[in-house]
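Chemist: Quick one: the structure is below, and I'll ask about it shortly.
The values are calculated or read from the model by the stated rules, or taken from the named source; none is laboratory data. All of these numbers come straight from a predicted model, not from anything done at the bench. Cβ: placed from backbone, ideal geometry, glycine included. Neighbour counts: every protein chain shown. Areas reflect the complete protein model, heavy atoms only, side chains present, ligands, DNA and RNA absent. Shrake-Rupley method; radii C 1.70, N 1.55, O 1.52, S 1.80 Å.
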Amino acid sequence: IEVVCIPKMVPVEPVTDLFGNVSNPGEKQRDPNFVEVIKWFAETIVKGQLSTGKYIQFLTRTGVKVDVFTATPENWGYILAIRTGSAEFSKGLAHRWKKLGYEGVDGMLTRFGKPVPLKEERDLFHLLQLPWVPPNERA
């Protein structure tokens, strides 16, 4: 089973040191409830870091392997498109973006080193000058 989701982000509690310096101002972290839900389902974490990872693989108590890919609003379309359909379909998308001068880096599609926001799958297909393909037809 593969799941793509955008975990809720919550503010990190600022910490003030002895000299009055505040660390973590404005920082956000993954909602602890997200971590607790994964822990509830997971018998064994196989890959990834539960609290911060973009990818987590675990086995349920019944032995089902689950892959959880986390996204942000800026890379949702990119992550969902490459995680929906066959491996060959995703490789075809990657081949196309490389041909057009893009690169997949750290969960984002980039061009000239700058992230390209792709909020919806259709945004990626449009960028790649390809017709949108419904998920159930991505062989």
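Chemist: As an exercise, identify the chymotrypsin sites (Phe, Trp or Tyr not before Pro) in the range 16-104 lying in DSSP coil whose Cβ has no more than 15 other Cβ atoms within 10 Å.
Modeler: Qualifying residues, ordered by number: 19.
Chemist: Report the accessible area of residue 67, computed with a 1.4 Å probe over the heavy atoms of all protein chains in place, in Å² rounded to the nearest 10.
Modeler: For residue 67, the solvent-accessible surface is approximately 20 Å².
Chemist: Whole number in Å², please: accessible area per residue of the range 27-139, 1.4 Å probe, ligands, DNA and RNA not counted.
Modeler: It amounts to 62 Å² per residue over the range 27-139.
Chemist: For the range 100-139, run through the trypsin sites (Lys or Arg not before Pro) and keep only the ones in DSSP coil with at most 16 other Cβ atoms within 10 Å of their Cβ.
Modeler: 119, 138
Chemist: Of all accessible surface on the chain at a 1.4 Å probe, what whole percent is carbon and sulfur?
Modeler: 57
Chemist: What is the set of long-range amide H partners of residue 46 at a cut-off below 5 Å, with H atoms built 1.01 Å from backbone N?
Modeler: Result for residue 46 returns 57, 58, 59.
Chemist: Could I ask something else about it? Using only Cα positions of the chain, each an equal point scatterer, no hydration layer, compute I(q)/I(0) via Debye at q = 0.10, 0.13, 0.14 Å⁻¹ and quote the log10 values to two decimals.
Modeler: Summing over Cα pairs of the chain leads to -0.44, -0.69, -0.77.
Chemist: Grab the eigenvalues of the alpha-carbon gyration tensor for the range 64-139, scale each by 5, take roots, and send me the semi-axes largest first in whole angstrom.
Modeler: 19, 15, 12
Chemist: Add -39500 (n - 2.57) for each DSSP H run of 4 or more in the chain, then divide by its residues: what number comes out at 222 nm, to the nearest 500 deg cm²/dmol?
Modeler: My calculation for the chain gives -8000 deg cm²/dmol from helical runs alone.
Chemist: Please work out, to two decimal places, the log10 of the ratio I(q)/I(0) at q = 0.19 Å⁻¹ from a Debye calculation in which every Cα of the range 11-89 carries one identical scatterer.
Modeler: -0.93
Chemist: Give me the percent relative contact order of the chain, please, defined on Cα pairs under 8 angstrom at least 6 residues apart.
Modeler: 20
Chemist: Let me ask something else about it. Hey, which lysines would be in cross-link range of residue 91, C-alpha to C-alpha under 18 Å, not counting anything within fewer than 8 residues on its own chain?
Modeler: Within the straight-line cut-off, residue 91 pairs with 99.
Chemist: Taking only pairs that are 8 or more places apart or on different chains, how many Lys pairs in the range 1-72 have Cα atoms under 16 angstrom apart?
Modeler: Lysine pair count for the range 1-72: 7.
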